[in-house]
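The values are calculated or read from the model by the stated rules, or taken from the named source; none is laboratory data. This structure is a prediction, so every number in the text was calculated from the model and none was measured. Here Cβ is always computed from backbone atoms with ideal geometry, including for glycine, and neighbour counts include all displayed protein chains. In case anyone asks, the SASA skips ligands and DNA or RNA and just uses the protein heavy atoms, side chains included. Shrake-Rupley method; radii C 1.70, N 1.55, O 1.52, S 1.80 Å.
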Amino acid sequence: VAEILKDRPSWFRDCRAVDVINVLSTGNGGTIELLYMQLYAPTTLAPARDFWLLRYTSVLEDGSLVVCERSLNNTQNGPNMPPAANFVRAEMLPSGYLIRPCEGGGSIIHIVDHMDLEPWSVPEVLRPLYESSTLLAQKTTMAALRHLRQISQEISQPNVTGWGRRPAALRALSQKLSKGFNEAVNGFNDEGWSMLESDGADDITLLVNSSPGKMMGINLSYSNGFPSVGTAVLCAKASMLLQNVPPAILLRFLREHRSEWADSGIDAYSAAAIKAGPCSLPMSRGGSFGGQVILPLAHTIEHEEFMEVIKLENMGHYRDDMIMPGDIFLLQLCSGVDENAVGSCAELIFAPIDASFSDDALIIPSGFRIIPLDSGTDASSPSRTLDLASTLEVGTAGNQTTGDRSGRCGNSKSVMTIAFQFVYEIHLQENIAAMAR
């Protein structure tokens, strides 16, 4: 259990990386580690966070295992980690895990998460995201507990699920989608992203990335066999404030009425780029939009997140020298559909995939993230934590205890972040930029 919890990127979606800088042994058989951790920013409106941490792991006399973490301040004259570009240094107050063995082979797990995310550095309207205990519990504490439960269930019943995939392989796919979307929202320079244009913080930002790492697995070539001019990925992203729109309802609309917001030509174009066939800029001529078929793939125990394959039928796009395949497949990750969950954010993330759906397939995700901003208002109520814990009770209607939120929907606020990514040939950059915008 301790190994899983210490591997934060495996269960904490906001965690970009944890680097172990140094490891020391203590006299009592424990270890002290120096860690540098980076967290993604959830929106385009504020910078990402990083931490310089000390982690102490030890076994207590009763056989319990304890993992303590806290930020290293410069006051101890200890080792220092210089500030990183694009990151705001946040502070972790004493936090950690106590894992107590039970008779019969299980464990009782206590988790404490305590952070100061430096809310002064974000626009005032976003501060609840950086101050709310409810959101921290939902995104971090609950995520850890859910992940442990998910893994224990997979170990006890390792059956093959949708499309012949094992649960662990599907979990890895959902990680890939989530990470790719976070990368697009953050657009870090050290990953090869560079700004194409931006109309200021509250408008659309366009980024391009032509680094080899990003392009591995894409080999666009012209139909005459000559290699193309070079390919890149373009990302268009923006965040906006929504009032009186419950995230769960908006998410269900986006999921169930795809044809009302998605351009079928762009979907066909993205799919063609991923399939590594020749493709021109999408044109509406000759294209007919068919139906959307949702094929369920997997879901977590509490159904708070599920993955599906979207089949867009009869997308036949014709060109003089080629006919696009009729059906297009998208891998889609969906969470936050339950409108009673406290402080949870709703996400719809999708990426075109090849029908072969191989494990090492290139995934270039796009999507929507809607985060409620009013969950900070109830953070002072101590019963909230109990509500969160009760949602983990197996088979109970624990979520219903939070139904009183509906009374506050009259003035609810949320922030929606959108990021779309397109693979394209470099000489088409201007057209693609206009289309993305």
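Checking each residue in the range 127-141 for being open to solvent by less than 10 Å² (accessible area, probe 1.4 Å) and out of contact with any Ser or Thr (no Cβ under 7 Å at 6 or more places or on another chain) picks out only THR140. Residues considered: GLY225, GLY213. Of these, the only one that is at pLDDT below 85 and not in a helix (DSSP H, G or I) is GLY225. Restricting THR75, THR57 to residues that are over 26 Å from ASN189 (Cβ atoms), modelled with pLDDT under 95 and among the β-branched types (Val, Ile, Thr) narrows the list to THR75. The number of residues in the range 25-43 being modelled with pLDDT of 95 or more and open to solvent by 30 Å² or more (accessible area, probe 1.4 Å) comes to 3. If I filter the range 7-25 for residues that are more than 20 Å from the chain's Cα centre (by Cα), assigned by the TED database to the domain that holds SER71 and outside any strand (DSSP E or B), do I get at least one hit? No. Within the option set ASP327, ASP374, ASP354, ASP338, being touching a His at 6+ places or on another chain (Cβ under 9 Å) and modelled with pLDDT of 75 or more holds for one residue only, ASP338. Within the set GLU305, GLU313, the sole residue that is at pLDDT 85 or above and of a type in the set (Asp, Glu) turns out to be GLU305.
Table: residues versus (1) in the same structural domain as ASN186 (by the TED database); (2) among the acidic types (Asp, Glu); (3) at pLDDT below 90; (4) open to solvent by 20 Å² or more (accessible area, probe 1.4 Å).
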residue	(1), (2), (3), (4)
LEU242	yes, no, no, yes
PRO246	yes, no, yes, yes
ARG258	yes, no, yes, no
ALA268	yes, no, yes, no
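Of note, ALA232 satisfies the criterion of being assigned to a strand (DSSP E or B) and either within 22 Å of ILE353 (Cα to Cα) or modelled with pLDDT under 65 (or both).
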